[in-house]
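Read through the structure below, which is laid out as structure tokens, and then see the notes.
Bear in mind that the values in this text are calculations on the coordinates, not laboratory data. Worth saying up front: this structure is predicted, and the values here are computed from it rather than measured. Note: ideal-geometry Cβ built from the backbone for every residue, glycine included; neighbour counts use all protein chains shown.
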Amino acid sequence: DTGVSQDPRHKITKRGQNVTFRCDPISEHNRLYWYRQTLGQGPEFLTYFQNEAQLEKSRLLSDRFSAERPKGSFSTLEIQRTEQGDSAMYLCASSWTGEQYFGPGTRLTVT
Amino acid sequence: QQQVKQSPQSLIVQKGGISIINCAYENTAFDYFPWYQQFPGKGPALLIAIRPDVSEKKEGRFTISFNKSAKQFSLHIMDSQPGDSATYFCAANSNYQLIWGAGTKLIIKP
């Protein structure tokens, strides 16, 4: 499978715990995006990398959210001190020329 | 000005009929307009996309109509099938960022 992959697919955590999600983009894609999607809504842009450079992070929801793409390949999204309001689907997408291709998402449930 | 307004919120179409979903935008800097299809529990899948210098694009049963002066674009699904039942999102691109419509839940009745 040469599409975008995300791990884990589902994560259940207790409030206050830290969680980290991984995204592996399509191999030749230099751009990587993170989105959050809540039920019944369209995806909400969080952050964007071109190669290893994080070019936009002002849309990250709070300072509890951070993302990295250390070698310009896979990326991680970390949420510290999770809150119930963080429960959502976290989507990763990658692109080369502009068309964004999405992974299956990580469903986060904070109890 | 960054919004993309999508309608209807939900749509029921008989099998074999034409499904039409509409979107409108304000920001003339948008330079790319994709449509995504999403099934429950899955990520959005790119369906078809258009750039503003083209008024129509067709791929199989899916057609985008684009009206630059009215700042509107629409998705037409011809010969709609039960397998097309999904949520459809329009989006507009400005630089790196996609701005999304709120989605249309489409149900095709057999």
Checklist entry - Which three lengths, in whole Å and largest first, does the protein assembly as shown cover when its Cα atoms are put on their principal axes? => result 49, 36, 35
Item to check | Volume in Å³ per residue [convex hull over Cα atoms, computed for the range B:1-55] | outcome: 125 Å³
Checklist entry - When A:Ser58, A:Ser66 are ordered from fewest to most other Cβ atoms inside 10 Å of their Cβ, what list results? => result A:Ser58, A:Ser66
Checklist entry - What is the local net charge at A:Glu56, summed over the other residues whose Cβ is closer than 15 Å to its Cβ (Lys, Arg +1; Asp, Glu -1)? => result +2
Checklist entry - Each label point is 7 Å from the Cα along the Cα-to-Cβ direction; what then is the distance between the points at A:Gln80 and A:Thr97, in nm? => result 4.1 nm
Next on the checklist: Counting each pair of different Cα atoms once, what's the Kirkwood radius of chain B in Å, rounded to one decimal?
Outcome noted: 13.9 Å
Checklist entry - Which of B:Pro40, B:Pro52, B:Pro82 moves most in a GNM of chain B, Cα contacts under 10 Å? => result B:Pro40
Checklist entry - In chain A, how does Rg compare with the Kirkwood Rh, expressed as the Rg/Rh ratio over alpha carbon atoms? => result 0.94
Checklist entry - Out of the range A:51-111, which chymotrypsin sites (Phe, Trp or Tyr not before Pro) are coil in DSSP terms and have no more than 11 other C-beta atoms within 10 Å? => result none
Next on the checklist: For a quick check, take a GNM of chain B with Cα springs below 10 Å and name the residue from B:Gln72, B:Gln37, B:Gln14 with the largest mean-square fluctuation.
Outcome noted: B:Gln14
Checklist entry - For chain B, modelled as a Gaussian network with Cα springs under 10 Å, which listed residue fluctuates most, B:Gly83, B:Gly16, B:Gly60? => result B:Gly60
Checklist entry - Between the range A:64-98 and the range B:14-83, what's the alpha-carbon centroid distance in Å? => result 27 Å
Checklist entry - In terms of Cα to Cα distance under 16 Å, which aspartates and glutamates are near enough to A:Lys57, apart from those fewer than 8 places away along the same chain? => result A:Glu44, A:Glu68, A:Glu78
Next on the checklist: Taking only Cα atoms of the range A:54-101, what ratio of Rg to Rh do you get with Rh as the Kirkwood inverse-distance radius?
Outcome noted: 0.98
Checklist entry - If amide H atoms are built 1.01 Å from N in the plane of the peptide, which residues on other chains or at least 5 residues away come under 5 Å of the amide H of A:Gln17? => result A:Thr82
Checklist outcome for this item: hull vol. (C-alpha, convex hull) per residue for the range B:68-110, Å³ -> 98 Å³
Next on the checklist: Loop by DSSP (not H, G, I, E, B), at most 14 other beta-carbon atoms within 10 Å: where is the longest site-free stretch of chain A for GluC sites (Glu not before Pro)?
Outcome noted: A:53-82
